[in-house]
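Computed from the coordinates by the stated procedures, all read-outs in this text should not be read as laboratory data. This is a predicted model, so every value here is computed, not measured. Positions of Cβ are generated from backbone atoms using ideal geometry, with glycine treated the same way; all protein chains shown enter the neighbour counts.
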Amino acid sequence: MNAARDRILASVRDGLLRAVLPDATDDRAGRWAPPDPALPRDTLIEHFGRALASLAGHLHRAASASAAADIIAGVAASQGATSYLSWDDEHLGCPGLLSVLESRGLPRVTYDVPGDPVERARGTHELGGVGLGLTGAHAALADCGAIVLVSGPGRGRLASLLPPVHVAIVSERRMWPSLTALVRAEADLLDAGSNVVLVAGPSRTADIEMTLTHGVHGPKHVHVILMP
Amino acid sequence: MNDASLAFHRRIDEALADGALRRALALTTGRLAGGRATAMAALPDAEALRTEARRIRAHTIAHLDRYLDQFTRAAQARGCQVHWAETASDATRIVTGIARENAIALAVKSKSMVTEEIELNAALEQAGVRVVETDLGEFVVQLAADRPSHIIAPIVHLSRGDVARLFQDKLGAREDEVADIPAMTAFARRILRSQFIDAGMGISGVNLAVADTGSLCIVTNEGNGRLTTSLPRLHVAILGLERIVPTAADLAVVLTLLARSATGQAVPVYTNVVTGPRRRGAGPGASPGGEPDGPDELHIVIVDNGRSRLLGGELAEILYCVRCGACLNVCPVYRHIGGHAYGSVYPGPVGSVVTPGLMGLDDWSELAQASSLCGACRDVCPVRIDLPHLLLKLREQAARRELAPLWLRLAMPFFAAIATRPALYQFLGSVAARIARTASDEGWIRRLPGPFAAWSASRDFPAPAPRSFVQQHRANKAGTGAPPS
């Protein structure tokens, strides 16, 4: 295996001696990055809302845990969800939200996917009936309507992936103009968890006759709750 | 013409005769190209971003050995197992080996061009592993035992009726489950969801890898990329060795252009970045209390398969490509013949360079002729690859290696001998013009003899003017010519 690596790298180095590579530079000096548009937060929020709506996602605003719980309970009722997967309370950016939801009779389903292959499949099949997933986004991107989710302990991937409805909570203070701006400010973002994902609205496909259809593999409904 | 060239021409004729295919191609490529134009126009600094994206890709390729090494170390430090494959068969042997060691019976796969290139599915099936394609289009392609015909719209050549029949014949779908496209999509979701959960292995390609963190970026709209890399215990990622960028900031720049160029979206629905297997307490997979889900093992197979050889030459610029497919949608040739006619996994202008670049010119030299060199591909390329220039280089290589047709190889030195002797050129030119005028039909030459017959079959050529340019120029200088019209 190391022999293959050495041969490939030797072949690459050999190729580089003769490669015709227009516009290749040795150093990375003079790098250009798109300027930050320095827009006020309200404008960013407006852009985010417009972008999300164009992707068939929904934006809500809530100032308290009970207001957020109202929205979530409403979405759950309208989509027939009777239980939900969720990130742990301290990762939702809305303290006390899970206990408010519990007091309204919406039970949280917890899981820890086992390593054993058979157990793993059985455990995941059991999550199949859960109707809603709740996450706390690390950031929101105004130019494209995407939210950024970072995996970690108490922050599983499946909550935003398996149920047909995904509700994400994000703070207004985490609104960024674009991905380039966010990554510039947080250079080590990609290494924050084993999975960092941008989610821009509901899952979709246009493979059959270019006809847009939502909810092919991921959630069909995406709601973002913006909190102070 | 050799066999490969004859087969290529036969496929072109078949494609041109397929009216349904041509309507579907016009619709799809038109919509994708229009979407791209709108999305790029809406982007402030679009041209500066393209310049920067090109610079990032050029720089990375120029230091590819260093970035591959850095990527490998970073990925290993985060618990990935990195494998190196010199050839397609090395790559498939590595993947089937991983499957065998882990007693895998079922694998799910997220759409990937490089796995098509190395024909991974066939190798896995042969090793007793059932592979299920999970991108809706690729799933249909697999059911039909067909091949994808567009990099990002694999079933542009099939209608909803075709898909409905496949679902009924192969999967026993009921009438109401294929009543319309949303019903068919819901049906596929249901079938594939349980495959995702039961699969022991998830196989993905990689859109771009990030050297400094060992991260893999995999974009999808459907979410199958996330399920493939999250549900099965093993994730095996197949990485073409050139698909690297140095940092997250570089990734962000290229991502800003990737989906806009591909489909006209600002971002794909899911931009999924994976950095190592799931992180469990003390060590990878060691104890609960860490991340509650994600794969316990992540294998990365770095595939060369001709890329390092391609690097050492005048086609190396094609390695900047990020596989958005924008060049297909604007190509007048692709738009008429579609992907299958190219006979290769990689169609369109990019494929006409990549395929001979990776597989050699012997069987693929004809692809470089399937271009009008109009430059539309270069105009839309997010990293500004000079595709017409590379196609010309390929034609040049083919000519040098005597892969061009015999008559052309004989005719060009003959033409050169005439063209470098002005008196002879003018004399023969006037003779040819007189013959051509006599043979013309109302001022048009509709048919040419011999080797020019094929060229003139679909083109009319205006008959030569009564006086040649040189004659007219002389007359003008002498003050006796008619004023130029």
remark   = Interchain or sequence-distant (5+) residues whose placed amide H lies within less than 5 Å of the amide H of A:ASN195 are A:SER151, B:THR275
key: Cα centroid separation, the stretch B:355-391 to the stretch B:408-485 (Å)   = 31
Between 0 and 90°, nearest 10: helix B:3-17 axis offset from chain B longest Cα axis = 90
Degrees between helix B:19-41 axis and first principal axis of chain B (Cα, 0 to 90, nearest 10) = 80
task = Using only atoms on other chains, find how many Cβ atoms lie within 10 Å of each Cβ of peptide A:109-121 and report the average.
result = 5
inquiry  = Cross-link candidates for B:LYS111: which lysines have Cα within less than 21 Å, leaving aside residues fewer than 8 places away along the same chain?
reply    = A:LYS220, B:LYS170
inquiry  = Inside 10 Å of the C-beta atoms of B:291-303, what's the mean count of C-beta atoms belonging to other chains?
reply    = 5
inquiry  = Just checking the output field for A:148-160: average partner chain Cβ neighbours within 10 Å of each residue's Cβ?
reply    = 5
query = Computed from the mean reciprocal separation of all distinct C-alpha pairs, what Kirkwood hydrodynamic radius does the protein assembly as shown have, in Å?
reply = 27.4
Cut-off under 5 Å, modelled amide H: who pairs with B:HIS299 long-range = B:GLN81, B:HIS235, B:VAL236, B:ALA237
message = Quick one: 3J(HN,Hα) in Hz for the stretch B:163-179, Karplus 6.51/-1.76/1.60 with θ = phi - 60°, rounded, Gly and Pro as x.
response = 5, 4, 4, 4, 4, 6, 6, 8, 10, x, 5, 7, 3, 5, 7, 10, 4
remark   = Applied in sequence order to the stretch B:319-329, the curve 6.51 cos²θ - 1.76 cosθ + 1.60 (Karplus, θ = phi - 60°) yields integer Hz couplings, x standing for Gly and Pro, of 6, 5, 4, 10, 6, 8, x, 4, 5, 5, 5
query = Among the Cys residues of chain B, which have no other cysteine Cβ under 4.7 angstrom away?
reply = B:CYS80, B:CYS217, B:CYS321, B:CYS324, B:CYS331, B:CYS374, B:CYS381
ask   = For chain B, what proportion of DSSP beta bridges, expressed in % and rounded to the nearest 5, is antiparallel?
value = 30
task = Using the Cα centre as the reference, give the magnitude of the dipole from point charges on the C-beta atoms of the stretch B:410-478 (Lys, Arg: +1; Asp, Glu: -1; all else neutral), rounded to the nearest 20 debye.
result = 240
key: Using alpha-carbon coordinates, inclination of helix B:406-419 to the longest axis of chain B, degrees   = 50
message = So, R0 is 25 Å and r is the distance between the beta-carbons of B:GLU402 and B:ARG11; what FRET efficiency does that work out to, to 0.05?
response = 0.55
key: Share, in percent, of DSSP beta bridges within the protein assembly as shown that are antiparallel, nearest 5   = 35
inquiry  = Can you compute 3J(HN,Hα) from phi for each residue in the stretch B:254-265, using the Karplus curve 6.51 cos²θ - 1.76 cosθ + 1.60 with θ = phi - 60°, rounded to whole Hz and x for Gly and Pro?
reply    = 5, 5, 4, 9, 4, 6, 4, 6, 6, 10, x, 7
note = CD proxy, 222 nm, the protein assembly as shown: helix-only mean residue ellipticity via -39,500 (n - 2.57) per DSSP H run with n ≥ 4, per residue, nearest 500, stands at -13500 deg cm²/dmol
